[in-house]
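This report concerns only the one structure given below.
The values are calculated or read from the model by the stated rules, or taken from the named source; none is laboratory data. Bear in mind that the values here come from a model prediction, so they are computed numbers and not experimental data. Using ideal geometry, Cβ is built from the backbone for each residue, glycine included, and neighbour counts are taken over all protein chains shown.
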Amino acid sequence: MAWSTSHRKDELPPNWAALRKQAKARAGDVCEFRDKAGVRCADKGSELHHTGRKFDHRLEVLMWICTPHHAGETARQAKAAQYAKYVAAKKRPTEQHPGIRGAAATDKAIARRLHR
């Protein structure tokens, strides 16, 4: 999503530029992403990524990473959030149709129609 159409910039703290500089300096301007084997990416970093919740702007949970890894991590986080919503929706109890008043009432109504 482009910054020009995103409201995400409005959600960032006023000191976002300072946080970017601090994270960039900490990383030595190199991507901090590590693969499953723990090997760090050697590409130049260009973006600041939230490793935790999107409103947690502590330097400890921010990672200076390259554009391809930022895209991948953001997609992974979005997919996890989408799956969490799906699971939560599946846990909701199914609402009964307003025209059905319970199995006993339905059985009695069917029995009355059959015996007419």
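The residue pairs whose first member lies in segment 8-28 and is under 14 Å from residue 54 (Cβ atoms) and in a loop (DSSP other than H, G, I, E, B), whose second member is charged (D, E, K, R) and at pLDDT below 95, and whose beta carbons are closer than 8 Å, counting only pairs six or more residues apart or on different chains, do not exist in this structure. Residues that are farther than 11 Å from residue 68 by Cβ, in a loop (DSSP other than H, G, I, E, B) and not acidic (Asp, Glu) within segment 32-44 comprise 36, 37, 38, 39, 42, listed in sequence order. Can you pull out the residues in segment 56-75 that are within 12 Å of the chain's Cα centre (by Cα) and not polar (S, T, N, Q)? 73, 75 - these are the residues of segment 56-75 that are within 12 Å of the chain's Cα centre (by Cα) and not polar (S, T, N, Q). Only one entry of 112, 101 meets the criterion of being modelled with pLDDT under 85 and surrounded by fewer than 10 Cβ atoms within 10 Å (Cβ to Cβ), and that entry is 112. When the residues of segment 40-56 are filtered to those that are over 16 Å from residue 9 (Cβ atoms) and at pLDDT below 85, the one that is surrounded by the fewest Cβ atoms within 10 Å (Cβ to Cβ) is 53.
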